[in-house]
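Undergrad: Have a look at this one before I ask anything.
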Amino acid sequence: MYIPEEEEIRREKAKARELRASQWWKRKCARGICHWCGKTVAPGDLTMDHVLPLARGGKTTKNNVVPCCKECNIRKKSRMPTHWDNL
């Protein structure tokens, strides 16, 4: 199993903060739809989820982040989408 260095995690979290402030992310969240369950929520209640989790070597890139509701983000944790019951 891949175990990222603490510094690498810090860098990726900093990238996530920058990406959340971008117009691209704001447009992505504007629809207010969770990527995983399809539930409609207030855009401000969506969280950023890494499809390939940071803990498994994922990066904070536009191809690897999706808006999702807090409930799905909490349930998914650091699992891969193929190993998560909700999909």
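The values are calculated or read from the model by the stated rules, or taken from the named source; none is laboratory data. This one's a predicted model, so the numbers in the text were calculated from it and none came from an experiment. All Cβ positions, even for glycine, are placed from backbone atoms using ideal geometry, and neighbour counts span all protein chains on display.
Undergrad: For L19, indicate whether it is assigned to a helix (DSSP H, G or I) and crowded, with 16+ Cβ neighbours inside 10 Å.
TA: yes
Undergrad: Could you tell me whether any residue of segment 17-28 is closer than 15 Å to P81 by Cβ and either among the charged types (D, E, K, R) or modelled with pLDDT under 95 (or both)?
TA: No: zero hits.
Undergrad: Looking at segment 22-35, is at least one residue surrounded by 12 or more Cβ atoms within 10 Å (Cβ to Cβ), under 19 Å from K70 (Cβ atoms), of a type outside the set (A, V, I, L, M, F, W, C) and in contact with a helix residue (DSSP H, G or I) (Cβ under 6 Å, 6 or more places away or on another chain)?
TA: So far as segment 22-35 goes, yes, one or more of its residues are surrounded by 12 or more Cβ atoms within 10 Å (Cβ to Cβ), under 19 Å from K70 (Cβ atoms), of a type outside the set (A, V, I, L, M, F, W, C) and in contact with a helix residue (DSSP H, G or I) (Cβ under 6 Å, 6 or more places away or on another chain).
Undergrad: When only residues in segment 63-87 that are farther than 10 Å from L52 by Cα and touching a Pro at 6+ places or on another chain (Cβ under 9 Å) count, which is modelled with the lowest pLDDT?
TA: By that ranking, first place goes to L87.
Undergrad: Between residues in segment 58-84 that are more than 24 Å from E5 (Cα to Cα) and residues that are charged (D, E, K, R), which pairs lie under 7 Å by C-beta distance while being six or more apart or on different chains?
TA: P67/K28; C68/D49; C69/K39; C69/D45; K70/D45; W84/K76
Undergrad: Of everything in segment 68-85 that's among the charged types (D, E, K, R) and surrounded by 15 or more Cβ atoms within 10 Å (Cβ to Cβ), which residue is nearest to R56 (Cα to Cα)?
TA: Ranking the qualifying residues of segment 68-85, first place goes to R79.
Undergrad: Right, here's the next one. Give the residues of segment 49-81 that are assigned to a strand (DSSP E or B) and either touching a Cys at 6+ places or on another chain (Cβ under 8 Å) or over 19 Å from E18 (Cβ atoms) (or both), sorted by residue number.
TA: Those that are assigned to a strand (DSSP E or B) and either touching a Cys at 6+ places or on another chain (Cβ under 8 Å) or over 19 Å from E18 (Cβ atoms) (or both): D49, P67, C68, C69.
Undergrad: Same structure, new question: Within segment 35-48, can you find the residues that are assigned to a loop (DSSP other than H, G, I, E, B) and more than 14 Å from P81 (Cα to Cα)?
TA: Residues satisfying the conditions are G38, K39, V41, A42.
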